[in-house]
Amino acid sequence: SVRANFSINTYSLTITAVNGSVSKDPDKASYEHGESVELTAKADTGYSFVNWTGDASGSANPVTVTMDSDKSVTAAFSINTYSLTVSAANGSVALEPAGGVYDYGTVVTLTATPDTGYSFTGWSGDLTGSANPATITMDSDKSVRANFSINTYSLTITAVNGSVSKD
């Protein structure tokens with residue numbers, strides 16, 4: 001009498017994710033042949049999921065992988081970028097670093113310079129106060145206005161032994 005014993009093949013699933021994470025459902029150390037695993041990518045703050053590479057492809061999230069061999073899947077993430085729109089009448093604003101489109105978390109220094117005959121009075125929009133220079137952290141699209149006012153001057157007239165009229 002001869003008895004043959006068989007067991008189902010099991011496979012490993014290796015996940016790589018930088019600037020994010022991937023959850024597995026079910027979450028196990030190994031999977032039986034033919035078992036389906038749902039992978040869900042979650043981006044870190046300031047990043048977005050782009051796509052899957054390796055033994056999964058495309059940008060669908062979640063994605064399902066059928067285990068019929070050892071599998072290796074990479075989730076790709078990219079840093080978010082944001083626009084900084086600056087307006088100024090009767091003056092100008094310098095940005096450091098220069099540009100206008102910045103990666104998440106970039107700290108931008110804004111320096112207001114008034115035109116001749118004007119003074120800087122403060123910031124409005126997504127930046128407030130009157131510090132100059134001032135900084136803003138890019139974590140969303142931002143709009144900032146530099147405000148300037150015309151300088152005014154007083155005129156003092158002193159007349160000895162006569163008068164002066166002002167026109």
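The values are calculated or read from the model by the stated rules, or taken from the named source; none is laboratory data. On a predicted model such as this, the values are computed, not experimentally measured, just so you know. Cβ sites come from the backbone with ideal geometry, for glycine too, and all protein chains shown count toward neighbours. Each accessible area value is taken on the protein alone, full model and side chains, heavy atoms only, with ligands, DNA and RNA left out. Shrake-Rupley method; radii C 1.70, N 1.55, O 1.52, S 1.80 Å.
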query: Under the classification rounded if a/c is under 1.5, otherwise prolate if a/b is larger than b/c and oblate if not, where does the chain fall, given a ≥ b ≥ c as square roots of the Cα gyration tensor eigenvalues?
result: prolate
- prompt: Over what distance in Å are the Cα centres of the stretch 41-69 and the stretch 93-155 separated?
  reply: 41 Å
message: Could you compute the net charge surrounding Asp55? Neighbours are other residues with a C-beta less than 12 Å from the C-beta of Asp55; K and R count +1, D and E count -1.
response: -1
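Note the full-extension length gain between Val18 and Asp141 as 0.36 nm times their separation in residues minus their Cα-Cα distance, in nm to one decimal.
Values: separation 123, 0.36 × 123 = 44.28 nm, distance 2.42 nm.
Additional length available on full extension: 41.9 nm.
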query: Considering only the other residues whose Cβ falls under 11 Å of the Cβ of Leu84, what net charge follows from Lys and Arg at +1 and Asp and Glu at -1?
result: -1
message: Let me check against my output: what whole-number percent is the relative contact order of the chain, with C-alpha pairs under 8 Å and at least 6 apart?
response: 18 percent
- request: Convert each backbone phi in the stretch 92-97 into a coupling constant with the Karplus relation 6.51 cos²θ - 1.76 cosθ + 1.60 (shift: θ = phi - 60°), then list the ³J(HN,Hα) values in order as whole Hz, x for Gly and Pro.
  value: 9, 10, 9, 10, 9, x
- prompt: In the stretch 89-131, which residues have a backbone nitrogen under 14 Å from the label point lying 7 Å from Ser149's Cα in the Cα-to-Cβ direction?
  reply: 118-123, 130
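Please find the FRET efficiency linking Asp167 to Ser83, where r is the Cβ-Cβ separation and R0 is fixed at 41 Å, and quote it to the nearest 0.05. Each step should come with its number before you reach the end.
Numbers: r = 50 Å, r/R0 = 1.21.
My answer for the efficiency is 0.25.
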- request: In Å and from the alpha-carbon atoms only, list the Rg and Dmax of the stretch 39-83.
  value: 12.1, 45
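Go ahead and run the numbers for FRET between Glu96 and Thr10, Cβ-Cβ distance against an R0 of 35 Å, rounding to 0.05.
Values: r = 56 Å, r/R0 = 1.61.
Here the calculated transfer efficiency is 0.05.
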query: What is the set of long-range amide H partners of Thr106 at a cut-off below 5 Å, with H atoms built 1.01 Å from backbone N?
result: Met138
message: Distances longer than 13 Å among the Cα atoms of the stretch 2-61: what percent of all pairs is that?
response: 68 percent
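Shape of the stretch 93-167 from its Cα gyration tensor (a ≥ b ≥ c, root eigenvalues): rounded if a/c is under 1.5, otherwise prolate when a/b > b/c, or oblate?
Values: a/c = 4.92, a/b = 4.28, b/c = 1.15.
In terms of gyration-tensor shape, prolate.
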query: Amide H to amide H under 5 Å from Val50: which residues, 5+ apart in sequence or cross-chain, H placed 1.01 Å off N in plane?
result: Ala76, Phe77, Ser78
- request: Compute, for Ile79, the solvent-accessible surface of its heavy atoms (probe 1.4 Å) with the complete set of protein chains present, and express it in square angstrom to the nearest 10.
  value: 60 Å²
- request: Kindly report, to the nearest 10 Å², the accessible surface of Thr137 as traced by a 1.4 Å probe over protein heavy atoms only.
  value: 70 Å²
- request: Rounded to whole Hz and in sequence order, give me ³J(HN,Hα) for the stretch 100-110 from the Karplus expression 6.51 cos²θ - 1.76 cosθ + 1.60, θ = phi - 60°, writing x for Gly and Pro.
  value: x, 10, 9, 5, 3, x, 5, 9, 10, 9, 10
field: HN-Hα J in Hz across the stretch 19-32 - Karplus 6.51, -1.76, 1.60, θ = phi - 60°, x for Gly and Pro
entry: 6, x, 9, 10, 9, 10, 9, x, 9, 9, 6, 8, 10, 6
field: Accessible surface of the chain [probe 1.4 Å, protein heavy atoms]: carbon and sulfur percent
entry: 46 percent
